[in-house]
1. Scan Val179, Val160 and give me the residue that is among the β-branched types (Val, Ile, Thr), under 30 Å from Glu47 (Cβ atoms) and open to solvent by 80 Å² or more (accessible area, probe 1.4 Å).
2. Could you give me the residue pairs with C-beta distances under 9 Å whose first residue belongs to region 272-284 and is touching a residue at least 24 places away in the same chain (Cβ under 8 Å) and within 13 Å of Leu385 (Cα to Cα), whose second residue is open to solvent by less than 40 Å² (accessible area, probe 1.4 Å) and hydroxyl-bearing (Ser, Thr, Tyr) wherever it lies, and which are 6+ apart or on separate chains?
3. With at pLDDT 80 or above, under 30 Å from Arg139 (Cβ atoms) and touching a Pro at 6+ places or on another chain (Cβ under 6 Å) as the only criterion, which of Phe273, Phe222 stands out?
4. Kindly list, by first and then second residue, each pair from a residue in region 204-228 that is under 20 Å from Gln133 (Cβ atoms) to a residue that is of a type in the set (Phe, Trp, Tyr) and buried (at least 21 other Cβ atoms within 10 Å of the Cβ), limited to pairs with Cβ atoms under 6 Å and residues at least 6 apart or on different chains.
5. Residue check: is Pro141 closer than 27 Å to Ile256 by Cα and open to solvent by less than 20 Å² (accessible area, probe 1.4 Å)?
6. Please go through region 146-157 and give me each residue that is at pLDDT 85 or above and open to solvent by less than 20 Å² (accessible area, probe 1.4 Å), ordered by number.
7. Identify, by number, the condition in (1) touching a Phe, Trp or Tyr at 6+ places or on another chain (Cβ under 9 Å); (2) under 30 Å from Leu40 (Cβ atoms); (3) hydrophobic (A, V, I, L, M, F, W, C); (4) in contact (Cβ under 8 Å) with a residue 24 or more places away in the chain that Ala294 doesn't meet.
8. Out of all the residues in region 355-375, is one or more modelled with pLDDT of 85 or more, crowded, with 19+ Cβ neighbours inside 10 Å and in contact with a Lys or Arg (Cβ under 6 Å, 6 or more places away or on another chain)?
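The values are calculated or read from the model by the stated rules, or taken from the named source; none is laboratory data. Since we're looking at a predicted model, the values are computed, not measured. Cβ atoms come from the backbone with ideal geometry, glycine included; neighbour counts cover every protein chain shown. Quick note on the areas: whole protein, heavy atoms, side chains included, nothing else; ligands and nucleic acids left out. Shrake-Rupley method; radii C 1.70, N 1.55, O 1.52, S 1.80 Å.
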Amino acid sequence: MNAQFPLGRARDLPVWRRPVTLLFLMAAAMPVAFATWSALLNNFVIEMAGFDGSDIGWLHTVREIPGFFAIGVIALIMFMHEQVLGLVSLLLLGVATAFTAQFPSLGGILTITMLSSIGFHYFETVNQSLQLQWLDKLRAPQMLGWLLAAGSGATLVAYVLIVLTWRAFDLNYNLVYMVAGGFTACVAVFCLLAYPRFEAPNPQVKKMVLRRRYWLYYALQFMAGARRQIFVVFAGFMMVERFGFEVHEVTALFMINLVINMVAAPLMGRAVFRYGERNTLIFEYVGLALVFLAYGGIYMFGWGVVLAAGLYVVDHVLFSLALALKTYFQKIADPGDIAPTAAVAFTINHIAAVFLPAALGYLWLVSPAWVFVMAAGMAVVSLMLALMIPRHPEPGYETILAGFVPKPAE
C-alpha cells in the first residue's frame, strides 16, 4: 500500500488509480467469490454433506455471526487504515472461498464458512463506509447503482463460465471454488499494492456511535437483516430441495438475475435520485411483501417452478432499491459518523441473522410456507417504518416526527 493521498487531489491521478476506480474494482471482485460460493452452496452441501433444512439453517447462522460482530471494525480502524482493512478482508474472503470444497463435512463447512464470512462482512462494512465518504451526495444514488451493476457484470462472467463448462468439462466443486476465490484474492493484492491510501476530508470517529436521531435508520437496518435472511437462506434451498435444480440450473437462474440487475441497478439509482428514499423504499417493501406471500403460495397451493423462478428474479430487482437506505443515512449523518455508524448498522442488521436461520430451519421442517409468511410480515413492518422517512431528510429532520418532538440531547 502506497503513501496517504488527500481525496481532494484524486483528480491529479490517472483514471485507473482514482478512488472511484478502486470502488469499481472492489465492487467487481467481491461478488465473484461470494456469488460463486452461493451458487454452488446448496448443491454442494446436499450432495457432499447430506444437509437438510436444519443443517442449512445452522450454516447460515454461523455465517452471520461475523456480521453481528462487524462493530469490531471500529476497534480495527484505530490501528489500521479503513481502505487497508477493507482490502485485507477481501483477501480473506477470496482465500477462504478457494478452500471451501476441501472440507466436505458439517464441521469443516461451518469452519471455512466462518472464515470467509469474516472477510465478507468486514469488507462490506468498510466498503459501504468508503462509498459514502468518497462519493458526492448528489452523485451517490446513481454511482451506487453503477457499482451494483459492475458487481453484477463481473459475477455474470463467472456464472456464464460455470453454466458453459460445468457439464461440458465435468467440473468439480474444488476447481470452481479455487478459481473464483483465487481471482478475488488476486484483485485484493493488486489493489493493496497499486493504490495510495486515500484520506477523506472528514476524519472518522473511532469509537462506537449510537445517536438517538438515527433510530429510524437502525430500525430499518434491523428489519432488513431479518427479512433478507429468510430469502438468502431458504429461497435458493427451495429451488434445489423442492424442484431438484442442478448446479448449472441454479447458476442459470442467478445469471438471469444478474443480467436484469445490470440493467435495473442504474435505473434504480436514478429512481432514488428522482423520487426520493421514502417513495422507493415504500415501493420495495410493498413488492417484497407480495413476493413472500407468493412464495408461501408455492407450498400452500402447489404452484410451479416457473413462478418460483420468476419470484426469485423479482426479489433481486427489488433488493436493488436497498441502496436508498444508504443514501437516506448519507443525508442525515454527520460526516464523521459514517465509518462507526456503518459498523454499528451492520451489527444491528445481523442481530436477527444470528438466530433466525437456525430457528426457522426447524420451522422449515414442519411448514416451509410459514417461513415465507413470516417474511411477508417483516416486509409490512418495514413498510410502516419507511412511511416515517421525510421526503427530504437532512440532519435535524431525520423522521416525519422530528418537527413535533423536542430534539433530544446526544
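1. Values: Val160 fails: open to solvent by 80 Å² or more (accessible area, probe 1.4 Å).
Only one candidate qualifies: Val179.
2. Glu277/Thr327; Glu277/Tyr328; Arg278/Tyr328; Leu281/Tyr328; Leu281/Ser382; Glu284/Ser320; Glu284/Ser382
3. Details: Phe222 fails: touching a Pro at 6+ places or on another chain (Cβ under 6 Å).
Just a single option satisfies the conditions, and that option is Phe273.
4. Once the first residue is under 20 Å from Gln133 (Cβ atoms) and sits in region 204-228, its partners that are of a type in the set (Phe, Trp, Tyr) and buried (at least 21 other Cβ atoms within 10 Å of the Cβ) give Tyr217/Phe329.
5. Values: closer than 27 Å to Ile256 by Cα: yes; open to solvent by less than 20 Å² (accessible area, probe 1.4 Å): yes.
When the stated conditions are applied, Pro141 passes them.
6. Leu147, Gly151
7. (4) is the only condition that Ala294 fails.
8. Yes: region 355-375 contains one or more residues that are modelled with pLDDT of 85 or more, crowded, with 19+ Cβ neighbours inside 10 Å and in contact with a Lys or Arg (Cβ under 6 Å, 6 or more places away or on another chain).
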